[in-house]
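Undergrad: Handing you a structure now.
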Amino acid sequence: MLKIENLHASVGDKAILKGINLEVKPGEVHAIMGPNGSGKSTLSYVLAGRDGYEVTDGSVTYNGEDLIEKDADERACDGIYLAFQYPVEIPGVSNSYFLRAAVNAQRKHRGEDELDAMGFLKLAREKAKLLELPDNLMHRPVNVGFSGGEKKRNEIFHMAVLEPQLCLLDETDSGLDIDALKTVANGVNSLRSPDRAMIVVTHYQRLLDYIVPDQVHVLSGGKIVKSGDKDLAKQLEAEGYGDLVAA
Amino acid sequence: MEELDRKPKTSDDDHVDELLNRDYEAGFVTDIESESLPPGLDEGVIREISKRKEEPEFMLEFRLNAYRDWLKMTEPEWAHVNYEKVDYQSISYFSAPKLNDGPKSLDEVDPELLATYEKLGISLKEQEVLAGVQGAPKVAVDAVFDSVSVATTFKETLNEAGVIFCPISEACREHPELVQKYLGTVVPTSDNFFAALNSAVFSDGSFVYIPEGVRCPMELSTYFRINAANTGQFERTIIIADKGSYVSYLEGCTAPMRDENQLHAAVVELVALDDAEIKYSTVQNWYPGDENGKGGIYNFVTKRADCRGVNSKVSWTQVETGSAITWKYPSCILTGDNSVGEFYSVAVTNKRQEADTGTKMIHVGKNTRSTVISKGISAGRSNNSYRGLIKILPNAEGARNYTQCDSLLMGDQCGAHTFPYIEGKNPTAQVEHEATTSKISEDQLFYCLQRGLSEEDAVGLIVNGFCKEVMKNLPMEFAVEAQKLLGISLEGSVG
């Protein structure tokens, strides 16, 4: 589904990713771990197509197509979803209105009929129930006045409604207490499926107790310095990044 | 008195320039033979206008007095706008489509005119209304087309309620006592340069009278439109809400593309008597000019309400996206005790548009209250100024005002300016002013794109969210239109 080869990327003049190789197949969950400043969030932004994150070398193919050439909205419509580390507030726009606009933009892109208000509400209610999302979150302005937990849960709610193929979860556990973490993880797990892949970017192993990855990669200095199965995460938890980062 | 100049800095200007291009959708000219007077203005022209409109004697006097006032006045220059001065002798002050007796059904209306409505995007629903189709929604349309109203619908329903809604020229003939009693009492002929000119030469407009205790059974709606070349439009609108009555009035505008700048100097007078309420909503989409600002409409309007009665209320809601130059301050004189004035405004400027707009709230009576919510959006190389005056007179015990003034900037070549004036002459009054300036953040934009929205849709969504407090005050069908308009006006102005 996703193939990253020798990816180099910079922000402004600063080179951040320095030769990433990674292949993700449908159904797989990959965890990207690493210390602060290792390039984890940059990788998410580069894949999602954020302005200012420039690919300087290497290639990324997604479902056989060159991803780098596409704009952010096109990538989203093609099924790439980024759950933000810091979800953005949009005052005056209700969460449900925003999400319906997004759903319909994506449906239009795929040549499907747009959902009317009733059709959307039905879909949204279904997903909200699945994630135990309070009903009022749908009607409040996007992320405005949401608690940290509500914001993260809302990201997973958007993901559930948009049904992407490739999910990028950027530090989805940051700022969550243990109960909120469990709720979010349950939501993510309920969205795991044989044709959906996930890349979970996290600083701590904690999240991976709940979202169990197929592969774990350690990112340091803009490169993947070590890959392994879920036990690698446990090992890191016990021993720290020290040795790997120094390498 | 303070001025806050705000100019943001971004790096992404090429992108902005590249996207800042969109042709005006309503740019077309309708070929209907006009019976125009030759250009120029003197007392003879005014007598001719009055004669052609078969006006009573007091109207001619009113016009001539205004003309004499106007001759002594000079064009105001204090507004934060720049434009080439208008040559008032090159304008034709009267132009009317040829129609006999006025149409009784749609069949009698010039098909060209109907085609014009269609191009203007007047909804099918509203065309049905215009056509008087059975079961059509009850929105009366009084269309001003080149200075003369050509269609007035739902007169019967309104008649039953005792509501008068007709072209002002008709009101001059059929209800002279009402016109004489109220004309010029809110905006005197000598009020300002443009109001004086309007008073001298106004061609047509709407007249509304809601009798005591009547809640107007439908929203009253007028589509203004400028058509014949070099014909300045000088509408005059008077709305009187008698004791305990209520009316909601909608005004929407658009104009065809032109090379010469077109002058528009309307006067709107509202009078609310005891316990009466008037809601006046405007969605304005006049041709703003090309990317160099050439050819756009000059909109110099005087709109004022007098809350004459106790407990009366007037609420102005406006969404302004058009015109090359806008000079407009819908105001309320809160004369009656406990009267309420409200002003909700969205002003969008793009390309080279310049808007100097705002409101005046004059607190005269006791416990008078006013609310001002102004949302200015600037894009391209435009300038958007808010100018507001809150004046508390000595007798206005317990008067209160709340003003909120927010600016949204797109790109780094536009300007947003705020000129708030507060004059408090009563120590018990409370006046609050809040102001913010923001930009559409790159974070917000990326968040929307990442969900699959196009850049244009994302900007539309964020801007509509910014304006929500104002939009929610518009009647439903108008709000939808206004939302679309915001999207169109700002298309391609991501900064």
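The values are calculated or read from the model by the stated rules, or taken from the named source; none is laboratory data. Predicted model, so just to flag it, every value in this text is computed and none were measured. Positions of Cβ are generated from backbone atoms using ideal geometry, with glycine treated the same way; all protein chains shown enter the neighbour counts. To get the accessible areas, we keep the full protein, side chains included, count just its heavy atoms, and leave off ligands, DNA and RNA. Shrake-Rupley method; radii C 1.70, N 1.55, O 1.52, S 1.80 Å.
Undergrad: For segment B:340-438, state the semi-axes of the equivalent ellipsoid (square roots of 5 times the eigenvalues of the alpha-carbon gyration tensor), sorted largest first and rounded to whole angstrom. Let's see the in-between values first.
TA: Numbers: eigenvalues 180, 21, 19 Å².
Working from the Cα gyration tensor, I get semi-axes of 30, 10, 10 Å.
Undergrad: What ratio of Cα Rg to 2.2 N^0.38 Å holds for segment A:197-247?
TA: Its radius of gyration relative to the 2.2 N^0.38 Å reference: 1.07.
Undergrad: Helix A:148-162 versus the longest principal axis of chain A: what is the Cα-based angle in degrees, 0 to 90, to the nearest 10?
TA: 80 degrees
Undergrad: Okay, moving on. At 1.4 Å probe size, what's the solvent-accessible area of B:H264? Round to the nearest 10 Å².
TA: 10 Å²
Undergrad: How large is the direction-averaged shadow of the alpha-carbon convex hull of segment A:2-246, in nm²? Kindly include the intermediate steps, with their values, before the conclusion.
TA: Numbers: hull surface 52.1 nm².
Result: a mean projected hull area of 13.0 nm².
Undergrad: What does the C-alpha gyration tensor say about the overall shape of segment A:83-164? Classify as rounded when a/c is under 1.5, otherwise prolate if a/b is larger than b/c, or oblate. Walk me through the numbers before you get to the answer.
TA: On the way: a/c = 1.67, a/b = 1.54, b/c = 1.09.
Judged from the Cα gyration tensor, segment A:83-164 comes out prolate (a/c at least 1.5, a/b above b/c).
Undergrad: Can I ask one more? Given the convex hull of the Cα atoms of segment B:285-365, what is a quarter of its surface area in nm²?
TA: On the way: hull surface 19.0 nm².
About 4.7 nm², averaged over all directions.
Undergrad: How big is segment A:1-85 along each principal axis, measuring the range of its Cα positions in Å and listing the largest first?
TA: Over segment A:1-85, Cα extents along the principal axes are 30, 25, 25 Å.
Undergrad: By accessible area of protein heavy atoms, probe 1.4 Å, what ranking do B:E456, B:E174 get, highest first? Present the calculation step by step, with values, prior to reporting the outcome.
TA: Values: B:E456 65, B:E174 115 Å².
The ranking, largest first, comes out as B:E174, B:E456.
Undergrad: Could you tell me which of rounded, prolate or oblate describes segment B:35-79, using a ≥ b ≥ c as the square roots of the eigenvalues of the alpha-carbon gyration tensor, with rounded for a/c under 1.5 and, failing that, prolate when a/b is larger than b/c and oblate otherwise? If you can, show how the numbers build up before the last one.
TA: Numbers: a/c = 2.68, a/b = 1.59, b/c = 1.69.
Cα axes put segment B:35-79 in the oblate bin.
Undergrad: Rounded, prolate or oblate: pick one for segment A:32-77, where a ≥ b ≥ c are the square roots of the eigenvalues of its C-alpha gyration tensor, a/c under 1.5 means rounded, and failing that, prolate if a/b is larger than b/c, else oblate. Numbers along the way, then the final one.
TA: Details: a/c = 1.88, a/b = 1.74, b/c = 1.08.
It is prolate, given that a/c is not under 1.5 and a/b is the larger ratio.
Undergrad: On the Cα set of segment A:120-247, report Rg and Dmax in Å, please.
TA: Reported Rg and Dmax, both Å: 16.2, 52.
Undergrad: Here's another thing I want to ask about it. At 7 Å along Cα-to-Cβ for each site, give me the label-to-label distance between A:D71 and A:D231 in nm.
TA: 4.9 nm
Undergrad: With a 1.4 Å probe and all protein chains kept in place, how do B:F58, A:F84 rank by accessible area, largest first? Provide the component values of the computation, followed by the final result.
TA: Working: B:F58 40, A:F84 5 Å².
Result, largest first: B:F58, A:F84.
Undergrad: Here's another thing I want to ask about it. Hey, what's the Cα Rg ratio for segment A:19-156 versus the globular rule of thumb, 2.2 N^0.38 Å? Don't skip to the end; give the middle numbers.
TA: Details: Rg = 16.8 Å, N = 138, 2.2 N^0.38 = 14.3 Å.
Here the Cα radius of gyration is 1.18 times the empirical estimate.
Undergrad: Then there is this: Which pairs break 30 Å Cα to Cα here: A:K151/A:K234; B:K72/B:K425; A:K108/A:K230; A:K14/A:K127; A:K3/A:K122; A:K14/A:K108?
TA: Details: A:K151/A:K234 28 Å; B:K72/B:K425 32 Å; A:K108/A:K230 39 Å; A:K14/A:K127 41 Å; A:K3/A:K122 36 Å; A:K14/A:K108 37 Å.
Exceeds cut-off: B:K72/B:K425; A:K108/A:K230; A:K14/A:K127; A:K3/A:K122; A:K14/A:K108.
Undergrad: Quick check on my link table: of B:K313/B:K375; B:K243/B:K303; B:K303/B:K472; B:K294/B:K468, which ones sit more than 26 Å apart, alpha carbon to alpha carbon? Display every interim value, and only then the final one.
TA: Numbers: B:K313/B:K375 22 Å; B:K243/B:K303 21 Å; B:K303/B:K472 22 Å; B:K294/B:K468 31 Å.
Cα-Cα > 26 Å for B:K294/B:K468; rest within.
Undergrad: To the nearest 10 square angstrom, how much accessible area does A:D66 have with a 1.4 angstrom probe?
TA: 70 Å²
Undergrad: Still on this model: Quick check: residue separation of A:R192 and A:A15 times 0.36 nm, minus the Cα distance between them. What number comes out in nm?
TA: 60.4 nm
Undergrad: Per Stokes-Einstein, at 25 °C and 0.890 mPa s, what whole-number D in µm² s⁻¹ belongs to segment B:366-408, with the Kirkwood radius over Cα pairs as the hydrodynamic radius? Kindly include the intermediate steps, with their values, before the conclusion.
TA: Values: Rh = 12.3 Å.
Using the Kirkwood radius from Cα pairs, D works out to 199 µm²/s.
Undergrad: Can you give the accessible area of B:I362, probe radius 1.4 Å, in Å² rounded to 10?
TA: Accessible area, nearest 10 Å²: 30 Å².
Undergrad: Any idea of the total accessible area buried by the A-B contact, 1.4 Å probe, rounded to 100 Å²?
TA: Details: alone 11760 and 19820 Å², together 29560 Å².
So the buried area, both faces added, is about 2000 Å².
Undergrad: Put B:T317, B:T428, B:T74, B:T157 in order of accessible area, largest first, 1.4 Å probe: what do you get?
TA: If we order B:T317, B:T428, B:T74, B:T157 from most to least accessible, we get B:T74, B:T428, B:T157, B:T317.
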